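Any read-out appearing in this document is the output of simple, stated calculations on the displayed coordinates, not a laboratory observation. The model shown is predicted, which means the values in this text are computed figures rather than measured ones. Ideal geometry is used to build each Cβ from the backbone, glycine not excepted, and the neighbour counts take in all protein chains shown.
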């Protein structure tokens, strides 16, 4: 596996795409991103002091039906990384990693699909370590503000890369999900309502109970706000 370290780039996900034709697994890390990408086209704050990396992995016989495993694995790798340094993370469906209700990491997955298979995946991760979070104090957190002695960025980076290449299971993912069985607020298009979160299915859909009936929702359809 090739590793590339950059002081700065627009986006590690965009940079790593030049290796899509090479067939070799690659990890690209940057000290800072000037155009970090989040889900649904959002920007991702990427000032110096965070871990910003993308991992490109190639597959031979990986069914697209199981693509959620990539997302779940990335979220677990982040959780295991911050747990190693003494924090207690949880996963907000489907892949936001929170500590104390605040987001400590962002994950962006871009898969290359063909003939019902995942041919390659790019897993982009931004993890807040000692980077400033100006304007995001109410929704985001960094390891620096949660630990009395925050670790070095390079140490966190290397631990995250290690975890990304260790096996995990769907059971590991569910172990970090704390809201099942609780009432949640769902925004689905123009409709907002409350429901009970019952189960996360292996394909990543969330099974909810609403007005006595059950149905499964995909991550692309809704945003969730937890209720106490």
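Find how much the distance from residue 136 to residue 84 grows on full extension, using 0.36 nm per residue of separation minus their present alpha carbon separation; answer in nm with one decimal.
Details: separation 52, 0.36 × 52 = 18.72 nm, distance 2.47 nm.
So the extension gain works out to 16.2 nm.
Order the peptides 7-15, 89-97 from the highest to the lowest mean number of other Cβ atoms within 10 Å of their residues. Spell out each step's value before the answer.
On the way: 7-15: 18.6, 89-97: 20.4.
Averaged packing, sorted descending, gives the order 89-97, 7-15.
Give, in nm to one decimal, the length gained when the segment between residue 188 and residue 119 is fully stretched (0.36 nm per residue of separation minus the Cα-Cα distance).
Contour length minus Cα-Cα distance gives 21.7 nm.
In whole angstrom, note down how far apart the Cα centers of the stretch 132-197 and the stretch 204-220 are.
Here the two parts' Cα centres lie 21 Å apart.
Please report 1, 71 as a ranked list, fewest other C-beta atoms within 10 angstrom at the top and most at the bottom.
1, 71
Note the full-extension length gain between residue 5 and residue 61 as 0.36 nm times their separation in residues minus their Cα-Cα distance, in nm to one decimal.
17.2 nm
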